[in-house]
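Everything on this sheet refers to the single structure shown next.
Nothing in this text is a laboratory measurement; each read-out follows from the coordinates by a stated rule. Owing to the predicted nature of the structure, the values given are computational and were not obtained by experimental measurement. Glycine also receives a Cβ, built like all others from the backbone with ideal geometry; neighbour counts cover every protein chain displayed.
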Amino acid sequence: MKLLAIESSCDETAAAVVEDGRKVLSNVVASQVQEHIRFGGVVPEIASRMHAEAITGVVRQALEHADASLSKLDGIAVTYAPGLIGALLVGVNFAKGLSLSSGLPLIPVHHLRSHIAANYLTYKELEPPFLCLVVSGGHSHLVEVLDYTRFSVVGRTRDDAAGEALDKAARAMGLPYPGGLNLDRIAKGGDAHAYRFPHPRVDGSPFDFSFSGLKTAVVNLIHNASQKGETLPVKDLGASFLSAVVDCLCDNTEKAAMERGHQKIVLAGGVSANSVLRERMAHLCKRHSWQLFMPEIALCGDNAAMVGAQGYYELKAGNVAQMDLNACATMPIEA
Ligand code: KG4
Ligand code: ZN
């Protein structure tokens with residue numbers, strides 16, 4: 001079964017053709033990073049307009065690379081939630097138009113579900129159940145993936161997402177957007193013990209995260225130094241901050257896996273590309289003899305191949321949308 005998949009939830013316009021949820025036949029991503037770099041972050045209005053400009057070409061390319069035409073496909077999967085509403089609407093409406101004209105089923109895909117499904121493309125043998133740490137710019141969740149379309153959130157962030165905290169800290173350190181990626185690069189070779197940061201816990205919710213205190217700590221440190229006319233060594237500061245964030249992510253994953261009896265640990269979302277997180281998680285899983293699954297780097301960030309992977313399982317579960325499908329800025333992964 002071959003699906004055309006479309007993703008436009010944030011600042012990447014993407015389309016892909018995926019076979020049986022596991023094989024990528026094409027994967028085209030048009031990134032808007034260069035446009036948003038001068039604003040230091042994604043400007044939603046600009047993102048929507050750029051999606052509108054790019055989407056036809058991106059979809060056409062995805063079909064060409066896969067040597068496919070709509071008549072040879074079995075469905076159209078599209079990210080409908082969560083994300084920037086104007087950005088999502090571009091993909092949703094484009095997919096609706098294609099579905100209407102071709103008669104192919106329209107398959108609504110949740111963005112975090114698709115991030116998890118990126119792992120099905122990297123590991124053909126991976127099957128639920130497993131415990132997944134989903135860490136992106138907007139979300140930090142510990143999710144029990146009970147089945148391909150059944151999820152149970154066991155931990156979540158109470159404030160900032162991990163990616164958001166990394167982006168804000170990077171910005172305070174003077175690093176360009178996208179902050180998390182640039183922080184990862186600059187922190188390489190830095191002293192992770194140079195600065196001590198708090199490791200916040202959420203009382204009574206051992207699997208929940210809280211990153212805003214950590215982010216404020218680094219921002220205050222930088223402001224205090226600049227008031228005294230000092231500049232802090234960004235390499236060491238970045239390495240120490242990243243280490244503190246990764247400690248929180250690994251600690252809660254370890255606790256949840258032990259308490260819920262999981263031996264398969266999966267990473268997902270843009271932050272799962274982080275080199276320190278990947279390394280530290282590999283150590284943790286080795287120590288417990290747990291299996292670790294991480295998407296290949298190219299599939300960690302937003303792309304449509306992962307939407308095609310999850311779309312396959314949504315279609316198999318009978319999850320097909322009608323022409324009144326709307327985009328939603330927020331939506332629980334369980335819904
Ligand atoms: O999943 P994603 O591409 O978009 C959302 O769904 O939010 O995640 C984007 C987040 C951003 O916060 C970005 O800074 C972060 O992923 N990110 C990284 C790395 N690459 C992207 N964070 C740390 N290390 C990286 N290598
Ligand atoms: Zn994402």
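General observations
- Rounded to the nearest 10 degrees, the angle from helix 234-260 to the longest Cα principal axis of the chain is 60 degrees.
- Using only side-chain charges placed at the Cβ, +1 for Lys and Arg and -1 for Asp and Glu, the dipole size of segment 127-295 relative to its Cα centre rounds to 220 debye.
- Take the Cα of R60, step 7 Å toward its Cβ, do the same at M331, and the gap between the two points is 2.9 nm.
- Taking every alpha-carbon pair under 8 Å whose residues sit at least 6 apart, the chain reaches a relative contact order of 25 percent.
- In degrees, nearest ten, helix 305-316 long axis to first principal axis of the chain (Cα): 60
- Mean Cα-pair separation over length for segment 127-295, i.e. relative contact order, pairs under 8 Å, 6 or more apart, %: 26
- Here the spin labels are modelled as points 7 Å beyond Cα on the Cα-Cβ line, and at L100 and H199 they lie 5.5 nm apart.
- Taking R196, R113, R22 as the candidate residues, the one with maximal mean-square fluctuation in a Gaussian network model of the chain, Cα springs under 10 Å, is R196.
- The calculated FRET efficiency for the pair S69 and S212, based on their C-beta separation and a Förster distance of 45 Å, comes to about 0.40.
- Report summary: the helix-based calculation at 222 nm, which adds -39500 (n - 2.57) for every DSSP H run with n ≥ 4 and divides by the residues of the chain, gives -14000 deg cm²/dmol.
- Extension gain (nm, one decimal) between K255 and H223, 0.36 nm per residue minus Cα-Cα: 8.0 nm
- Gyration tensor verdict on segment 127-295 (Cα atoms; rounded if a/c is under 1.5, prolate if a/b is larger than b/c, oblate otherwise): prolate
- Shape category assigned to segment 1-141 from the gyration tensor of Cα positions, a/c cut at 1.5: oblate
- D (Stokes-Einstein, µm²/s), Kirkwood Cα radius, the chain, 1.306 mPa s at 10 °C: 78
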